[in-house]
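Q: Structure below; questions to follow.
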Amino acid sequence: MTERENLLNLTPDDAEARLAAAMAELGQPSYRVGQVARRLWANPVRSFDDMTELPAALRAALAERFELPRLELTFSQQSTDGTRKFLFRLRDGEAIETVAIPDGNRVTLCISSQAGCALRCAFCATGAMGFSRNLEVHEIAGQVREMRLLDEPIAITNIVFMGMGEPLMNWKAVDPTLTLLNDPRALGIGARHITVSTVGILPGIVALGKRPEQFRLAISIHAPSDELRQQLMPINTKYPLADVIEAAKVFDRRVTFEYVMLGGVNDGVEQARALGQLARDCAAFVNLIPLHPGGSQGFVPTSGNEISRFARLLRDRGVEVAVRKSRGIDIAAACGQLRVERLGRRTPKTADQHGDVQVA
Ligand code: SAH
């Protein structure tokens, strides 16, 4: 038997082209193309069998040609603050995490782009587990699709690529995924509601900037000098701070700086001044993220008061700042922490301190 084609790895244009060819071969009217295409993402089905608007024989014929792979939900957990965390198993046994964060009438989904991560940022649980592989298109966009397939579906309004992995080191899959997330024929989420978060992979930033849609860019800065950034983020050797700042300056949309507050490490007055200068240089918005203590090897969170003081110093320099709220700290909701907790390696500490998974 020839391998079935995975319709969920294709952009809407490509999926429609494949479906049009199949319908023609099967002697079906062309309106069937749109009928099936709607059931891939916009109003998704669990399987071809559930496309009850199609004749049974056609459903069977499609299932012989195509596949619609699911992500297997192996665990989910809800925080007292409403944040929900999902652990999905992929077909090769890899595990990835997805977090849904409600906030007023928005629900932000924090999605993974890689199984594991190669970057080894010092405070990050995903970095500690190492890199397994890039996710495929259907595995990234599938995290949103699965929210629509829950017994009680969750209507996602915003997406952040702040789960496991570095999205701009998987641009080959992230690029078409952005199309699926945004295209009204697929998931239909506005480009301004989709944020790609990166450590500063320069070619990826350029590629994202070339997309005509207004996708948002967030850059993990975390230190205002090469010396400190190098210690926290080994990738700084390849893409030093000055180059990352330059890329942020020339990016044609407003950029967000992410800055995780590490007690006694990057939260001093001098560092606030230096960060403020960098942010002003690129008219960046700064998100101060309380450290989620779960995966973070010896780092301690900056206290709430100290974070407020740091924020004030930035504002005094005319920089727009937001201090992220602590969300999901009772369910190990920061990058990589649930997988570590469920599948071994390290148990996150209990949640008596600040933490966060979200920006934007
Ligand atoms: N690789 C990308 C996206 C994934 S991480 C990036 O680094 O931007 C998303 C954000 O969560 C990054 O800013 C990352 O530094 C931050 N993060 C990782 N571990 C954290 C922790 N324990 N507490 C708070 N933020 C954390």
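The values are calculated or read from the model by the stated rules, or taken from the named source; none is laboratory data. Everything numeric here is computed off the predicted structure, so don't read it as measured data. Because the Cβ atoms are built from the backbone with ideal geometry, glycine has one as well, and the counts that use them run over all protein chains shown. Quick note on the areas: whole protein, heavy atoms, side chains included, nothing else; ligands and nucleic acids left out. Shrake-Rupley method; radii C 1.70, N 1.55, O 1.52, S 1.80 Å.
Q: With the requirement that a residue be out of contact with any helix residue (DSSP H, G or I) (no Cβ under 6 Å at 6 or more places or on another chain), over 14 Å from L7 (Cβ atoms) and not in a helix (DSSP H, G or I), what does segment 20-45 give you?
A: Answer for segment 20-45, where residues must be out of contact with any helix residue (DSSP H, G or I) (no Cβ under 6 Å at 6 or more places or on another chain), over 14 Å from L7 (Cβ atoms) and not in a helix (DSSP H, G or I): G27, Q28, P29, S30, N43.
Q: Hey, among the residues in segment 202-218 that are open to solvent by less than 10 Å² (accessible area, probe 1.4 Å) and either more than 15 Å from the chain's Cα centre (by Cα) or among the small types (G, A, S) (or both), which one's nearest to A118 (Cα to Cα)?
A: Looking at the filtered set, the residue picked out is G204.
Q: Sort out which residues of segment 1-19 are part of a helix (DSSP H, G or I) and either hydrophobic (A, V, I, L, M, F, W, C) or farther than 22 Å from D50 by Cβ (or both), and write them in order of number.
A: Across segment 1-19, the qualifying residues are L7, L8, D13, D14, A15, A17, L19.
Q: I would also like to ask the following. Checking G298 against (1) among the small types (G, A, S); (2) at pLDDT 75 or above; (3) not in a loop (DSSP other than H, G, I, E, B), which test does it fail?
A: (3)
Q: Looking at (1) open to solvent by 60 Å² or more (accessible area, probe 1.4 Å); (2) out of contact with any strand residue (DSSP E or B) (no Cβ under 9 Å at 6 or more places or on another chain); (3) modelled with pLDDT of 95 or more; (4) at negative phi, find the lone condition where R4 falls short.
A: The failed condition is (2).
Q: Next question. Looking at (1) outside any loop (DSSP other than H, G, I, E, B); (2) closer than 13 Å to T98 by Cβ; (3) in contact with a strand residue (DSSP E or B) (Cβ under 8 Å, 6 or more places away or on another chain), find the lone condition where I140 falls short.
A: Condition (3) is where I140 drops out.
Q: Need pairs with beta-carbon distance below 8 Å; first residue in the same structural domain as R18 (by TED's automatic domain parsing) and farther than 21 Å from E136 by Cα and within segment 57-69, second assigned to a loop (DSSP other than H, G, I, E, B) and open to solvent by less than 20 Å² (accessible area, probe 1.4 Å); sequence gap 6+ or separate chains.
A: Listed pairs, sorted by first residue: R59/M51; L62/M51; L62/L54.
Q: Within the bounds of segment 160-175, is there any residue that is crowded, with 22+ Cβ neighbours inside 10 Å, in a strand (DSSP E or B) and assigned by TED's automatic domain parsing to the domain that holds Q231?
A: Yes - at least one qualifying residue is present in segment 160-175.
Q: Now for a different question. Residue check: is E64 farther than 19 Å from L109 by Cβ, open to solvent by 60 Å² or more (accessible area, probe 1.4 Å) and not hydroxyl-bearing (S, T, Y)?
A: Yes: the conditions hold for E64.
Q: Filter segment 229-249 down to the residues that are open to solvent by 20 Å² or more (accessible area, probe 1.4 Å), without any contact (Cβ under 8 Å) to a residue 40 or more places away in the chain and either within 11 Å of the ligand (Cβ to nearest atom) or of a type outside the set (G, A, S) (or both) and list them by number.
A: Q230, T237, K238, P240, E246, K249
Q: Only one residue in R133, R185, R120 is within 16 Å of the ligand (Cβ to nearest atom), assigned to a loop (DSSP other than H, G, I, E, B), more than 13 Å from the chain's Cα centre (by Cα) and not hydrophobic (A, V, I, L, M, F, W, C), so which one is that?
A: One residue alone meets the criteria, R120.
Q: Exactly one condition in (1) assigned to a helix (DSSP H, G or I); (2) touching a Lys or Arg at 6+ places or on another chain (Cβ under 7 Å); (3) within 14 Å of the ligand (Cβ to nearest atom) is not met by R280; state its number.
A: For R280, the exception is condition (3).
Q: Continuing with the same structure: From the list E270, E258, which one is away from the ligand (no atom under 12 Å from the Cβ) and of a type in the set (D, E)?
A: E270
Q: Looking only at segment 203-214, count every residue that is within 14 Å of the ligand (Cβ to nearest atom) and either modelled with pLDDT under 95 or touching a helix residue (DSSP H, G or I) at 6+ places or on another chain (Cβ under 6 Å) (or both) and tell me the total.
A: Counting residues in segment 203-214 that are within 14 Å of the ligand (Cβ to nearest atom) and either modelled with pLDDT under 95 or touching a helix residue (DSSP H, G or I) at 6+ places or on another chain (Cβ under 6 Å) (or both) gives 2.
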